[in-house]
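Here, each number is a calculation from the coordinates, and none is a lab measurement. This is a predicted model, so every value here is computed, not measured. Cβ coordinates were reconstructed from backbone atoms using ideal geometry, including for glycine residues, and neighbour counts include every protein chain displayed.
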Amino acid sequence: MSEVTLSEIEQLRAEATSADAVFEMDEAAFRALYDRTARALRMYLVRLTANTDLADDLLQETYYRFLRARAPYESDAHRQNSLFRIATNLALDSRRRGTRARLVAIPDEQLTAPGDLAAQTMARADLARAMLRLKPRERAMLWLAYAQGSTHRDIAGTLGVKAQSVRLLLFRARHKLADLLRGERGAISNRGGAS
Amino acid sequence: MTCECDREQDVLDAITARRWPDRCDQELREHVNTCTVCKDLAEITVAIAAERDAAWSDGNIPPAGVVWWHAQLRAREDKARAATRPVAFVHGVAASVAVWLIVSIYRALPAGYLSEWVTSITSSLPRYTFTMADVVRITAAAPGILLVLVAVWLVLAPVAIYFAAVDE
């Protein structure tokens, strides 16, 4: 068995210290923040990209950029807004680079499942299709407002728009999505009536 | 078409508190039926909230430790890359300057000067061919030289192999 010299121990200590100092935040604080935010952030990215694999990649990239930013944060809400802002920019960038959203096929057994599950699956598919026809910023805005419960000010900060414009933009996006949802439901009932 | 209604917050509160539609005021339900702003709001909020609740358990989130570890590795790689970037830049600049100097010197020389110079150097070198007879003659004159050379080779070769293996 090889013996470890004193200088090797000092070198290992120095490496460990430099690894810890890579980010401003320590591991325990990161774990706590991650546990509070990761699931909501992943859901947001999935809705924004409509691609679960891409959303998983962007989730890791979001946390990496957040850690690397070494920015001072006033509160947890501030940290969370920053995470959503990074995630939004990454999702929009990936779209610009040409990673297009794709619809995930729904298994037949789910569509023919009895009771609530089939209805819920249909409703989710309708919403997913309708959301895909919105602009990414509209999708992001609606999700932040009605799934995350973000304020207009937070939405403005996350999406980089003026706080005064959020109300009008939200109204338009909501109206557009409502029309699209009614269209989806109408098309399904027409198909059902024809068959 | 107006884009806001005074009752929007009431509708949102009812949906958030899960009172919508059965456990809220009849008056609010009637208002939503007649107000396009609140009707869209109720429809979209209910659909998105249902999607959020259903999606909460979809997919696996990677453990925090794994994400932290990946981030650490990437940060170190980025740091190393950033540290070598100036060195690579200086190498590039030095190579460019060297190429530029060589080309400038070559172009500054009169035509044919370089080939004449090379010819003069090669012609001034002594011409000597080393044959097998020379080797036999040298070893016959001093037989110890061959033995010393073989002994040195036998000692140095394993040492060289040892140091190469230790580095790996």
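Contact order normalised by length for the range A:19-100, with contacts defined as Cα pairs under 8 Å and 6 or more residues apart; what percent is it?
On the way: 46 pairs, mean separation 28.6, N = 82.
With pairs under 8 Å counted, the relative contact order is 35 percent.
Computed from backbone phi with θ = phi - 60° and the Karplus coefficients 6.51, -1.76 and 1.60, the 3J(HN,Hα) list for the range A:153-165 is 5, 5, 4, 4, x, 5, 9, x, 10, 6, 4, 5, 7 Hz; x is used for glycine and proline. By the Cβ rule of 4.7 Å, the protein assembly as shown holds the following cysteines without a possible disulfide partner: B:Cys3, B:Cys5, B:Cys24. Near A:Leu169: Cβ cut-off under 9 Å, other residues only, Lys/Arg at +1 and Asp/Glu at -1. The net charge is +2. Which of the lysines could a cross-linker bridge to A:Lys162, judged by Cα under 30 Å and excluding same-chain residues fewer than eight apart? Once the sequence-local lysines are set aside, what remains near A:Lys162 is A:Lys135, A:Lys176, B:Lys39.
Computed over every Cα-Cα pair of the protein assembly as shown and binned at 10 Å starting from 0, the pair-distance distribution P(r) comes out as 4, 15, 19, 15, 11, 9, 8, 7, 5, 4, 2, 1, 0 percent. When each full DSSP H helix of chain B is screened for a Cα extent of at least 15 Å along its own axis and an average Kyte-Doolittle hydropathy of at least -1.0, the helices passing are B:36-55, B:64-108, B:113-124, B:143-167.
The alpha-carbon positions of chain B define a convex hull whose volume is 366 Å³ per residue.
When the convex hull of the Cα atoms of the range B:8-55 is projected onto a plane and the area is averaged over all directions, what value comes out in nm²? All intermediate terms of the calculation are to be shown ahead of the outcome.
Values: hull surface 11.9 nm².
For the range B:8-55, the mean projected area of the Cα convex hull comes to 3.0 nm².
Computed per residue of chain B from DSSP H runs no shorter than four, each worth -39500 (n - 2.57), the mean residue ellipticity at 222 nm is -26500 deg cm²/dmol. Give, as ranges by residue number, the residues of the range B:118-147 whose backbone N falls under 14 Å from the point 7 Å along Cα→Cβ of B:Val155. Counting backbone N atoms under 14 Å from the label point, the list is B:147.
Distance between the pseudo-spin-label points of B:Ser57 and B:Ala88 (7 Å out from Cα toward the beta carbon): 4.8 nm.
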